[in-house]
Amino acid sequence: MLFQPVPRGELAEGLASPTRDALAKPTRKDFSRVKPMHSSSLDSRGQTARCRVAGWTAYRVASADLPSLRQQPLVLQGTPLAPSFLKHADEQTIAGLTAVAKVLREHGLEDTDFSQWGVIASPRFLGRAALAVALSRFAAEGAWGISPHLIPHRSLHALSGTVSQALKIHGPNYGVGGGIDGAAEALLAASALLANDELPGLWVVLTGYDPELVPGDPLDNAAQPSAANCMAVALALIPPGKGHAGPVLSVGAGEGGCDLADLTLEQFADTLANGEPLARWNLPCGGWAAWDDTETAVEICL
Amino acid sequence: MSARCPVWITGVGAGTPLGHTYRAIADGLLAGRSGIRAVTGFDTSQHPCRIGGQIDKVPCPPGFDEAAFAKLLRLEQLSLWCCDAALRDAGWWEHRGELRLGVVLGIGAEWLVQWEADGLAGGNGVFHPERDGQSVIRKTCEALQLSCPAVSVSAACASGNYALAQARRWLELGWVDVCLAGACDIAVSPLSLAGFGNLRALSRRNDQPELASRPFDKDRDGFVMGEGGAVFVLERAETARKRSAHAYAEVAGLGASSDAHNMVIPSPDPEPATAAMRQALADARVNPGEVDYLNAHATSTPVGDVAESRVLETVFGESLPRVPVSSTKSMTGHLLTAAAAVEALACVIAMERRALPPTINLTQPDPECALRHVPNQAEDHAVRVAVSNSFGFGGSNTCLVLKAA
């Protein structure tokens, strides 16, 4: 491994071995006047961010079925999307938006005004198949062969941008994570965004393949894409104390506990799909998260 | 995004086509120097655009193994350089292990970057998910020995402002004592240069690289891609005061909205971007007439610069002729995911140097962009309130307000 985690206070072998000379700051500022502070002198509490889950789903679709989904315009809030709406979208975007549509239908949110809501989305390893095709076309055709849609629809913001467009959301929209810890990163970011009580609600959409998709090789017709399921979790979150029923999602940045499992998209999706009333995880990006769908959730969130 | 306690910028780390230190970047911006030139590193002969604002070699942070550093992806190098430099600048480097130190970085397409670099070097990593490894932000945290809340965010060109907003929230929630926030992008690669070129978004002034990025100019013909990043140390004002830290600026206001119009094309309706600006000004408790400098998103595209001018007319009204506006993309190029962060740095520089960075190549201002420009040369000007607009693919509109701390 190139980067080795190093115990605090010790010097890393090789990569990180700062010397006193190197640490002496060659800047214009006088650092002799900067007093060191230790964490004990700082506020160490940190709040728990809680939100109510007004709607949720965990959706799975076989990767082989995604092309047909692309061609079946989704109906959102009674209005079908334009047939070309998802023409250039990544397959994970299609699954994510389908999950959002499912939440709308199954949790009575069809008539909700989302115009001032926000969207945070975390697609995992987005654009692998498209990049494989792009590399092949670049080799064969040069610059001319690269689709202008590659970057806009395969960057981390693509899923959140598409959801905001589909639901006519004018609040903030951005992507979070993108890698193996993306689901945890998204929950950490979303709970903080919603905690300031300025947004009426926030969509969180998490997607990824299980197992990770291996694209077909465009140069080898015999090499077909691997069989995989595309997972999508969609959550409609609202600030606590709005009088709604529903599970409570709590997130904090401190230690979650040494006996907790790390949150993954797969585990989170299973918790939702199985209707588990209580779950708690460590967030590998730092912090913890808890899902509470019991009677006490009402009291917590009042 | 309202602040319940003032949050200050107390450290800066950056790398841009104009240099890799605060001083070099400030000197370059205020000298009106262009960082745009012919793209090197790969064959561009078939590309419609063959120019960019590249950073050639990312310096190895002090004390790190140069050979190991050289093997990293350039995006990883830049992230590490910026974070390391920011911590040292803030005076937290030696105490970073004693803090709850968060990291929020705008990183837009790291896996595409990684798979592309591997594929063009003859590898086939895109077909091998088991090789994907850790994200840039996780590697950066490990290299800097930080065990803290850390997330990557992306709203394309608006990413840096979302990173600052998220970091400020974490400080307000008491989740962290100090937070690194910013964005990095190494976007000038064969596929992205081709993709944006085929989108017809890039300038084709290939024979005059330094003149190609010309926001608000009548003869602009598209943006020029750039590379770089900027990372800031954010901390609560009370923390900074207690340790007598230098404060560059207060992160006073942030606003964000979405067009809900198109993934690529800016909305013809100025209302969503206007709302983001008004939200940021209200958050900072600043009236439009109090703004001393505005760093525009203006990328040098025919449509985008006019659209932003309409937004500024709406937000500033009668104050518009008194608000100096420039686009530093004229010198750095458009740094995409890193644009907002580097332009926040330009605002910090304007505040600290008491001088406005210019829009270079602004020889014939477009009458559709009738603003109080800072054309071609820096102007001495005290700046207590600076505003930076950043809009991005996906319909993101963001606005940052910095105040003198």
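No value in this document is a laboratory result; all are computed from the given coordinates. Here the structure is a predicted model, which means the values were calculated and not measured. Counting neighbours? That spans all protein chains shown, and the Cβs are built from the backbone with ideal geometry, glycine included.
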Counted charge near B:Asp27, where neighbours are those whose Cβ lies closer than 10 Å (Asp, Glu -1; Lys, Arg +1) | +3
In whole percents, the bins of 10 Å from zero upward hold the Cα-Cα pairs of region B:1-81 as 14, 33, 31, 16, 4, 0
Separation of alpha-carbon centers, region B:373-405 and region B:259-317, rounded to whole Å | 11 Å
Share antiparallel - DSSP beta bridges, region A:49-247, percent rounded to 5 = 70 percent
Among B:Cys60, B:Cys347, B:Cys49, whose mean-square fluctuation peaks in a Gaussian network model of chain B (Cα, cutoff 10 Å)?
-> B:Cys60
Distance from the Cα centre of region B:196-242 to that of region B:101-168, in angstrom?
-> 20 Å
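Run the numbers for B:Asn124 and B:Glu318: contour at 0.36 nm per residue of separation, minus the present Cα-Cα distance, in nm. Before the final figure, lay out the partial values.
Details: separation 194, 0.36 × 194 = 69.84 nm, distance 5.78 nm.
Net length gain for the segment: 64.1 nm.
Inside 10 Å of the C-beta atoms of B:261-271, what's the mean count of C-beta atoms belonging to other chains?
Numbers: counts 4, 3, 13, 7, 0, 0, 1, 0, 0, 0, 1.
Across B:261-271, the average partner-chain Cβ count within 10 Å equals 3.
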Among B:Lys71, B:Lys57, B:Lys139, whose mean-square fluctuation peaks in a Gaussian network model of chain B (Cα, cutoff 10 Å)?
-> B:Lys71
Volume per residue of the C-alpha convex hull in region B:100-172, rounded to whole Å³ | 96 Å³
Long pairs among B:Lys329/B:Lys403; A:Lys102/A:Lys168; B:Lys242/B:Lys329; A:Lys102/B:Lys139, criterion Cα-Cα beyond 28 Å = B:Lys242/B:Lys329; A:Lys102/B:Lys139
Cα-projected label distance for B:Glu94 with B:Gln377, points at 7 Å along beta-carbon direction, nm | 4.5 nm
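Take every residue in peptide B:394-403, count the Cβ atoms of other chains within 10 Å of its Cβ, and give the average of those counts. Please list the in-between numbers first.
Numbers: counts 18, 9, 7, 2, 2, 0, 0, 0, 0, 0.
Taking all residues of B:394-403 together, the mean is 4.
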GNM on chain B, C-alpha springs below 10 Å: top fluctuator among B:Phe216, B:Phe69, B:Phe232?
-> B:Phe69
Shape of region B:125-234, Cα gyration tensor, a/c cut at 1.5 | oblate
Quick one: if the Förster radius is 51 Å, what FRET efficiency do A:Ala82 and B:Arg33 give, using the C-beta to C-beta distance and rounding to 0.05?
-> 0.65
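Which length gain, in nm to one decimal place, applies between B:Gln364 and B:Asp207 when the Cα-Cα distance is subtracted from 0.36 nm times their residue separation? Walk me through the numbers on the way to the answer.
On the way: separation 157, 0.36 × 157 = 56.52 nm, distance 1.97 nm.
Gain in length upon complete extension: 54.5 nm.
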log10 I(q)/I(0), Debye, Cα-only the protein assembly as shown, no solvent, q = 0.12 Å⁻¹?
-> -1.35
Region B:1-51 and region A:88-146 have their Cα centres apart by a whole-number Å value of 30 Å
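Can you pull the percent of Cα pairs in chain B with separation above 28 Å? Can you show the working numbers first?
On the way: 33371 of 81810 pairs.
For chain B, the share of Cα pairs beyond 28 Å comes to 41 percent.
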In region B:253-403, what % of DSSP beta bridges are antiparallel (nearest 5)?
-> 65 percent
